[in-house]
Amino acid sequence: MPMETDTHPAPGARPGGPPAPGGDTGTPHGADRSGRPTLVLVGHGMVGQRFLEALAELGLTGTHRVVVLAEEPRPAYDRVRLTSYFSGSTPQDLSLTDPAFLAGHGIELALGDPAERVDRAARTVTARSGRVVGYDTLVLATGSYPFVPPVPGRDATGCFVYRTVEDLLAIEEYAKGRASGAVVGGGLLGLEAAGALQGLGLATHIVEFAPRLMPVQVDEAGGAALLRTIEGMGLTVHTGTGTQEITVGADGRVTGMRLSDGSELATDLVVFSAGVRPRDALARECGLAVGERGGIAVDARCRTSDPAVFAIGECAQAVDGRVYGLVAPGYEMAQAAAAAIAAAAGTGPGGRTATAPAEFTGADTSTKLKLLGVDVASFGDAHGTAEGSLDVVYADSRSGVYRKLVIAADGSLLGGVLVGDAEAYGTLRPMTGSVPPVPAERLVLPAGAGGPAVLGPTALPDTAVICSCHNVTKGAIRAAVTEQGCGTVPDVKKCTRAGTGCGSCVQVLGRLVAAELEAGGIEVDKGLCGCFAQTRQELYETVRALRITGFRELLDRHGREGARGGEGCEVCKPAVASIIASLAPALGASGYVLDGEQAALQDTNDHFLANLQRNGSYSVVPRIPGGEITPEKLIVIGEVARDFGLYTKITGGQRIDLFGARVEQLPAIWARLVDAGFESGHAYGKALRTVKSCVGRTWCRYGVQDSVRMAIDLELRYRGLRSPHKLKSAVSGCQRECAEARSKDFGVIATADGWNLYVGGNGGATPRHADLLAQDLSDADLVRLIDRFLMFYIRTADRLERTAAWLERIEGGLDHVRDVVVHDSLGICAELEALMADHVSHYRDEWAQTLADPERLARFVSFVNAPGVPDPTVGFVPERDQIKPDLPLLSLGTRPPAPAPAGNGPTALLEGTSAR
Amino acid sequence: MTTAPTRQPAGQRPAPGGAAPTGAAAPAPGPGTGSGDPAGTVHGGTLRIQLLLEDGWRTVCDAARLTAGRGVAVLLPDGRQVALFLDRTGRLHAIDNRDPFTGASVLSRGLLGSADGTPFVASPLLKQRFALTDGRCLDDDEVSVAAYRIRAAEVRAA
């Protein structure tokens, strides 16, 4: 930061005196060395940041030196979502400031150094550090401060306000080990604060002076609906009650409150959230005009009584005489001020995105919030103050839903209140001022009771404001799609800023973008591939419901128009084969993957029940459940590998991989293995691979459960289960987690009382630790939950979507999956369990099945016209006492001279052998 | 699905109007009906699969050995390997068995599909797709494999 241009006055320097020579107060006001005028912004909150972005958009960061003096120790963050800190957001998550943005535009941000004094004559600002910055243009965005009613005891230890991240951290710290808390104020922020206190585990009271909660936004009946719902959550609400005194103990800490009704309320801490007041002290002290009830008076361009000074956001009193405490009007003011500065600087708003209003004359105070999990929205003339207006009301006290629309005499919608279900807000608010396309009574009725006509975004006029935070109209969103080529919601958000404020319009935005793309003939294609327009999940449901057992049947009846009667493709064939295999017992289809048409759908690995390697040879992995194996079986594997000249390697899943088998050798290898009691390990399939285990309680001095037995049980239960992707599992015998269960699709960790089940873990390129699904389960409960979890995954995942990606994609995430598989919220658990029971009872070893069928064995040849001849291009060379593929043989590209006429015996020279 | 490539490397270009063998030797003219013959059963004899090679039509296997939607490999006396396919409509196709991307002789083990009406096989190794009609790679204009004319013919048992 070019601090050298600033002046740090020597002690005794006259405040507001003439500028010191050489300082940046010199030429003539604050111009920097390159002669650019200086713009000083006081305050870096949400509105301040928005103002900086507007400056950048208008090109003013290039023509001006921009200095920001901020009070808080961190750059602008999303104050609206402050409470989300208690549901896991970090202060970094809340940040609105991209460091690259500041750096890229040369903006000098001084954190923790608020402006303390403005000298308008000298055009300087003095910060707390003593730093003096000259300005050509000054913009005040100092925001507001929480109003604390003047009650005795309000400064006691344990009294807080709820405004900044620091307030929140202090409340969190103080709440530790304490039992109760009270919030003074039942408005918007008060309910946020109450939610935070409850989230911290405190018994929470809300004390509101007005006769209802959220008196500004909702009417009496709406407040009553809200009250019932909030009381139902265990909060205690005192409405129509004032706070007379905070009682304080001998140690100076809060002990309780004395209320206006004479009662006393014991509480360990008090949060004041009784409204905010504009922070206009800086302006008052330097003689700027302020409103009667506070707020720096500005004109429609946000200019104060000094044309070089602007004020925006909550510290300003707008030209309509109101002080707006919401972020959306603040954003509009930021735009208006930036546009005015640009106009004065001659850079003008032309050329750039000039959609922002050049003036701010007043704003819509519509709000939609989720407070304590309750949807609350109000918009337009919510209280029906317009003459002749009438209400249309729907109230259901049982479900806590209340909807009121205010309708003018001419039928136009003036405003409304929605409590309990504010889904319709996104479509209703933009209709304000116009006559809705359907009768108002249908707009308030719940779905299924004659309404609501689900008003698609197409019902809205182009002038309707979809995103009120950034004042983006439907027309602008449509233009982004049709003219600027935005094809996705994230693209449109980036391009128009719509949906990047409070986010309440994102759903409507999504529908609008999809509708616009569709209207433009651009299909929003979520289909599996070029053959099917359905997702994998939709195909699964189709196959299940219609009991479709064949790929052709599915393709010809449910495929895309042009793909019907065709071949399908390499994407949908294995995906459909997997769906049919997963559902085979329920469909009455054969579960054997090489049966009939199924054979033609399988990837080569499934087709040959082995893993294709780079030179066209295969590897063979017998199942070793839980990684436990007898010496006799180990010896068999060793003998098979020796006799067929295979390369052996221990896998990560605690089993042994035998490499270098030719197609025609596979049956003979399996025969030896099956005879010794082995079966297929399904290493080739999108299926359960292994259940790894540590040695567990039996041997280990730390083990608390028999992890090996559980791993064997699970592996034998789920072996052969075809799924959207491979499945891996592990069981650890204690919390030391030696089996690395949390890197698995489903992992089990022993506790003293049973088993903890973790799901959605992954190693590989994007590692993810599995999430805890349920704790301290008995053996039977563990198996039941895994049954449900796996079947729900198989049912709803996309093709080749591992559980980790699925869990992150699926709507509602882990909580939803827990609701479904633990709490049976969809009522499908019995069905999921039945599907798994079918799978378990119908399981058969694919290797043994194939060996028993001569016709299928006939497929295991390199050449259909020379069954005994090995592929001459599959060769091996020695390495570290074993074999490896002879890759130069492959890179020749031309074939070696004809070895022998077709039909002769195998050529010996290429046979892989290992030295013995 | 991607669109068909427009360029073929010299020397690999299939004969216009149909599949043709690759290499220096010109295909011997023959009575074959080429790619597209139905492989249904015909009365009074065994249906065999024949490939058109430099010295004429050569029988390589019984039609019964083919499974719709999959391929098999045949070994020619000169060491060449050819992948034969039967698609679900009963059409026969033959291309070189060697996957030019890896060098492995595995194309016969790929999955069949169709894109914009063109039947293809996807290599089981790295999944590149090859048109069964002329051997061109649908995912890389620079690459193609040889295509052969193939037919099913009734041959009296020897």
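The values are calculated or read from the model by the stated rules, or taken from the named source; none is laboratory data. Predicted model, so just to flag it, every value in this text is computed and none were measured. Glycine also receives a Cβ, built like all others from the backbone with ideal geometry; neighbour counts cover every protein chain displayed. Note: areas computed on protein heavy atoms with side chains; ligands, DNA, RNA excluded. Shrake-Rupley method; radii C 1.70, N 1.55, O 1.52, S 1.80 Å.
Would you please classify the overall shape of the stretch A:688-842 from the alpha carbon gyration tensor, given that a ≥ b ≥ c denote the square roots of the eigenvalues, rounded means a/c under 1.5, and beyond that prolate means a/b larger than b/c while oblate covers the rest?
Working: a/c = 1.55, a/b = 1.39, b/c = 1.11.
Here the stretch A:688-842 falls in the prolate category.
Taking A:THR267, A:THR766, B:THR133 and ordering them by how much accessible surface each has at a 1.4 Å probe, largest first, produces A:THR766, B:THR133, A:THR267.
For the protein assembly as shown, what is the percent of antiparallel DSSP beta bridges, rounded to the nearest 5? Please report the intermediate quantities before stating the final value.
Numbers: 109 of 152 bridges.
Roughly 70 percent of the beta bridges in the protein assembly as shown run antiparallel, per DSSP.
Can you tell me the dipole magnitude for the stretch A:96-193 around its Cα centre, using point charges on the Cβ only (Lys, Arg +1; Asp, Glu -1), in Debye to the nearest 20?
280 debye
Per residue, the stretch A:90-149 exposes 40 Å² of solvent-accessible protein surface, assessed with a 1.4 angstrom probe and all protein chains in place.
Normalised per residue, the accessible area of the stretch A:606-685 is 34 Å², obtained with a 1.4 Å probe and no contribution from ligands, DNA or RNA. Going 7 Å from the Cα of A:THR361 in the Cα-to-Cβ direction, what parts of the stretch A:270-313 have a backbone nitrogen less than 13 Å from that spot? Zone members listed by number: A:300-301. Cross-link partners for A:LYS686 among the aspartates and glutamates, with Cα-Cα distance under 18 Å and sequence neighbours closer than 8 places in the same chain left out: A:GLU570, A:ASP595, A:ASP603, A:ASP606, A:ASP657, A:GLU715, A:ASP745, A:ASP787, A:ASP798, A:GLU801, A:ASP845, A:GLU846. Taking 13 Å as the cut-off, the amide N atoms of the stretch A:716-745 that come nearer than this to a point 7 Å along the Cα-to-beta-carbon line of A:LEU814 belong to A:742-743.
Checked against a 26 Å cut-off, the cross-linked pairs A:LYS368/A:LYS404; A:LYS368/A:LYS494; A:LYS692/B:LYS127; A:LYS573/A:LYS633; A:LYS884/B:LYS127; A:LYS692/A:LYS884 give Cα-Cα distances beyond that limit for A:LYS692/B:LYS127; A:LYS573/A:LYS633; A:LYS692/A:LYS884. Within chain A, the selection of entire DSSP H helices by a Cα span of 24 Å or greater along the long axis and an average Kyte-Doolittle value of at least 0.0 returns A:327-345, A:779-796.
Just to verify a number: FRET efficiency for A:ASP306 and A:ILE828, C-beta to C-beta distance, R0 = 60 Å, to 0.05?
On the way: r = 68 Å, r/R0 = 1.13.
It comes to 0.35.
Using r as the Cβ-Cβ distance of A:LEU857 and A:ASP491, and R0 as 51 Å, what FRET efficiency do you calculate, to the nearest 0.05?
Working: r = 54 Å, r/R0 = 1.07.
For A:LEU857 and A:ASP491, the calculated efficiency is 0.40.
With the convex hull constructed from alpha-carbon coordinates only, the stretch A:536-595 shows a mean projected area of 3.8 nm² over all directions.
In this assembly, the A-B interface accounts for approximately 3300 Å² of buried accessible surface in total, computed with a 1.4 Å probe and without ligands, DNA or RNA.
What net charge is computed for the residues neighbouring A:ALA805, neighbours being all others with C-beta under 15 Å from the C-beta of A:ALA805, Lys and Arg scored +1, Asp and Glu -1?
Values: positive: A:ARG536, A:LYS686, A:LYS726, A:LYS728, A:LYS744, A:ARG768, A:ARG799, A:ARG802, A:ARG809; negative: A:ASP745, A:ASP771, A:ASP798, A:GLU801, A:GLU808, A:GLU811.
Cβ neighbours under 15 Å give a net charge of +3.
Between beta-carbons, use under 11 Å as the cut-off and find the net charge around A:ILE341, counting Lys and Arg +1, Asp and Glu -1. The partial results should precede the final answer.
Working: positive: A:ARG301, A:ARG303; negative: A:ASP136.
Taking every other residue near A:ILE341 into account, the sum is +1.
Averaged over the residues of A:861-871, the number of partner chain Cβ atoms lying within 10 Å of the residue Cβ comes to 6. What the Cβ-Cβ distance of A:LEU445 and A:ARG284 gives, at R0 = 60 Å and to the nearest 0.05, is a FRET efficiency of 0.70.
Taking the square roots of 5 times each eigenvalue of the Cα gyration tensor of the stretch B:67-148, largest first, gives ellipsoid semi-axes of 17, 16, 11 Å.
What is the extension gain from A:ARG880 to A:ASP781, computed as 0.36 nm multiplied by their sequence separation minus the C-alpha to C-alpha distance, in nm to one decimal?
Working: separation 99, 0.36 × 99 = 35.64 nm, distance 4.81 nm.
Full extension from A:ARG880 to A:ASP781 adds 30.8 nm.
If I model chain A as equal point scatterers sitting on the Cα atoms and use the Debye formula, what is log10 I(q)/I(0) at q = 0.05, 0.08 Å⁻¹? Once normalised to I(0) and log-transformed, intensities are -0.44, -0.95.
So for A:THR63, A:THR873, what's the accessible-area order with a 1.4 Å probe, most first?
Values: A:THR63 55, A:THR873 15 Å².
The most accessible residue leads, giving A:THR63, A:THR873.
Computed over protein heavy atoms with a 1.4 Å probe, the accessible surface of the stretch A:364-455 works out to 42 Å² per residue.
How shielded is B:75-84 by partner chains, expressed as the average number of their Cβ atoms within 10 Å of its Cβ atoms? List each step's numbers first, then the result.
Working: counts 16, 6, 5, 3, 9, 3, 6, 2, 0, 2.
Averaged over the peptide's residues, the number is 5.
Counted by Cβ distance under 12 Å from A:ALA830, the other residues give a net charge of -2, where Lys and Arg count +1 and Asp and Glu count -1.
Across the accessible surface of the stretch B:67-148, with the other protein chains kept in place and a 1.4 Å probe, carbon and sulfur atoms take up 48 percent.
Site pair A:SER129 and A:VAL840 shows an inter-label distance of 6.8 nm when each label is modelled 7 Å from Cα along Cα→Cβ.
Under the simplified labelling scheme, the B:LEU126-A:VAL435 pair shows an inter-label distance of 6.7 nm, with each label point 7 Å from Cα along Cα→Cβ. In terms of the mean number of neighbouring beta-carbon atoms within 10 Å, the peptides B:56-65, A:39-48, A:691-700, B:94-103 order highest first as A:39-48, B:94-103, A:691-700, B:56-65. In chain A, the DSSP-assigned H stretches of four residues or longer account for a calculated mean residue ellipticity at 222 nm of -8500 deg cm²/dmol, using -39500 (n - 2.57) per stretch and the full residue count as denominator.
Test of understanding: express the Cα radius of gyration of the stretch A:588-710 as a ratio to 2.2 N^0.38 Å, with N the residue count.
Details: Rg = 16.1 Å, N = 123, 2.2 N^0.38 = 13.7 Å.
Scaled against compact globular proteins, the figure is 1.18.
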